[in-house]
Every structure is written in structure tokens, then in C-alpha cells.
1. Looking only at residues that are free of Cβ contacts under 8 Å to residues at least 60 places away in the same chain and closer than 20 Å to residue 127 by Cβ in region 269-295, which one is least open to solvent (accessible area, probe 1.4 Å)?
2. Of everything in region 161-188, what is open to solvent by 40 Å² or more (accessible area, probe 1.4 Å), assigned to a loop (DSSP other than H, G, I, E, B) and touching a residue at least 40 places away in the same chain (Cβ under 8 Å)? Give them in sequence order.
3. Kindly list the number of the only condition in (1) at pLDDT 95 or above; (2) of a type in the set (Ser, Thr, Tyr); (3) open to solvent by 70 Å² or more (accessible area, probe 1.4 Å) that fails for residue 67.
4. When you scan region 216-236, do you find a residue that is closer than 24 Å to residue 172 by Cα and of a type in the set (Lys, Arg), even just one?
5. Can you tell me how many residues within region 189-209 are farther than 22 Å from residue 150 by Cα and surrounded by fewer than 17 Cβ atoms within 10 Å (Cβ to Cβ)?
6. Could you go through region 168-187 and let me know if any residue there is under 19 Å from residue 84 (Cα atoms) and aliphatic (A, V, I, L, M).
7. Being among the polar types (S, T, N, Q), modelled with pLDDT of 95 or more and in a loop (DSSP other than H, G, I, E, B) is the filter here, so list the residues in region 90-125 that pass it.
8. Any residue that is under 20 Å from residue 229 (Cβ atoms), touching a residue at least 24 places away in the same chain (Cβ under 8 Å) and assigned to a strand (DSSP E or B) - is there at least one of those in region 65-77?
Amino acid sequence: MKGLFRKAVALAAAGAMVSMFTLTGCTQGGSTAASSNSSAASESGVQLQIFAANSLTKAMDEVQALYTEQTGIIFADTQYEGSGTLVEMLGGGAYADILITASNGTMDAAEEKGYINDDTRFDMFTNELVIVSALDSTLEDVTLEDIASGTYTLAVGDANVPAGNYAKQSLSTTTPPCWISSDGAIGKECAGTDGTFDGTPLAGKVTEGSSVGNVCNYANSGDVDLAMVYSSDVYRFGNVKQVGTTPNDTHKSIIYPAAICAGSNLTQEAQDFLDWAFTNEDAIKIWQEWGFELA
């Protein structure tokens, strides 16, 4: 990861300072150091603003709380949206220090438009695309071929939701195809954004959601029989069950890239957080508990 090793000395020094504050606080009560650090961060105006893909919500909240506890750095109201929406927000003039999207395609768009510092970009997480149903559903061992039979109703993300893009890529590989790309490309070769379900076995049977949360809710409520989301979403929402997994060779690799935003006024602080989030053992445990694996 770019910037990781050159920050090692700085991180070690920061850790030493935190330890020193902690030792001082122990003489006055266990929470004194954390309270003192948080207060100092507030007074200094160090407040990181993160734009992150919806699927990172719960894991990121826990990681940020741990970072604040350890360093005193605080966070603004982290924005969790579909990755495409986050890029649109930056294009509309919204301020952020860090952008983490759920696909390379959306980060590519941010890079092409000059919204991020290119040399800070790196792949942070990987994920799996799975098929889910309501908790009380009797369905199990569902495959793409089962979906292609046209027997079931389905929910996927819309064009702004990377999980939906990956789902459409996979659905374009079935026989007959369940989704047709506007440029005729199939599987990994298509973007999964522009196309149609019309003329396929799923015509009139697909509900598109503006977030993976909505997609999961459609399945949980029984509005649809099945939904296609990330494996981490099963951990995050807990109101659906996994009944199948899509083959990795039917869609692009699911990567969560991260980068520092071009307009950030806190590039050093942003880089320090990213380096810590990628290497700290406790942070890594949190990511993994919510279904994310380091890339």
C-alpha cells in the first residue's frame, strides 16, 4: 500500500505519545487519557470526513470508535451511500478527506475526474457476491441457473450500487442470459450498469434498490424471493440468510479501493488513519468480523 512504510516511523511515534498519555491517565482514572485526547482533537479542529460505501457502515463505525479511543482523532458524520452517489457528491462540491468505494469502476471515475490523489489509491478489501432469501424461506442451494429458470423474483442494486453491477454481470452469463448489457458484453467484460432485463427470463421480476440495505429488505420482507448482495451484508443486516454464492468468474473481482481526496486539508491525518486501519490487529479483527478480508 502506497504510503504505508513511509508512515511507520510516524505511527510508532504516535503510538508512543498515546502510551504516554495513557500512563498519565492511569493515575487519575482509566478514561482520563481518552477524554483528554478527544478534547484536544476537538480543540485543534482535527476531524476527518470519510465517504464510504454503504456496505462498510457498521464495520467502519466500530473501527473509527477504536481509532478515536487510541489516538484522540475524531470523525465528522461519515457519509455512507452507494459508491456512485459518493462520487456524484464529490462532483457536486461536497468535502471529504477519504473516499472508499465498493468497486474499482467507481474509484476509476473519481480518479478520472480529479476527485482523489491518484498516488494514494490502493485496494483495501475484497468481498463475495452471494444469493440471499428471507430468514423463514425454505430455499437453499440456489444457483444462477435456478434464477435463470425464471421461477423466482429477484432484487439487485441499481446502477449506482456496485453490488448491483456485479449481480448484473453474473446474470449476463446464464443460459439464456438474465440481463443484457447495452453494449453486448458479458460477465467480466461488461460494466453491469447500462442494460435491460427485458426479453429475459427475469423480465418484470426484478426490483432494483438504491442501496444494499434496501435490496436486503426486499428479500427479508418477502417482496422478492431472492436477492444478490455481498457476503458482508449478511453479517451487517442479519435479517437474511445466504442460500447460494455466485461463481467468481462470472463477475469482476470485488474490490474496495480507498484513496485520499484531492480537496482534503488533512492529507497526513487521512493517510495515518488508512495505514492504521490496514495494519492494526484490532482493526483487522473488526473488518473480518463483518465479513471483509484485506485485499
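The values are calculated or read from the model by the stated rules, or taken from the named source; none is laboratory data. Note that the structure is predicted; figures quoted are calculated from it, not measured. Please note: Cβ atoms are built from the backbone with ideal geometry, for glycine as well, and neighbour counts cover all protein chains shown. For the accessible areas, the whole protein counts, side chains as well, though only heavy atoms, and no ligand, DNA or RNA atoms are used. Shrake-Rupley method; radii C 1.70, N 1.55, O 1.52, S 1.80 Å.
1. Result: 284.
2. In the first step, residues of region 161-188 are kept if they are open to solvent by 40 Å² or more (accessible area, probe 1.4 Å); the result is 173, 175-177, 180, 182-184, 186, 188.
Still in the running and assigned to a loop (DSSP other than H, G, I, E, B): 173, 175-177, 182-184, 186.
Matches in region 161-188: 173 only.
3. Looking at each condition in turn, residue 67 falls short on (3).
4. Checking region 216-236: not a single residue is closer than 24 Å to residue 172 by Cα and of a type in the set (Lys, Arg).
5. 1
6. No: region 168-187 contains no residue that is under 19 Å from residue 84 (Cα atoms) and aliphatic (A, V, I, L, M).
7. 101, 117, listed by residue number.
8. Going residue by residue through region 65-77, those that are under 20 Å from residue 229 (Cβ atoms) are none.
Taking every residue of region 65-77 in turn, none turns out to be under 20 Å from residue 229 (Cβ atoms), touching a residue at least 24 places away in the same chain (Cβ under 8 Å) and assigned to a strand (DSSP E or B).
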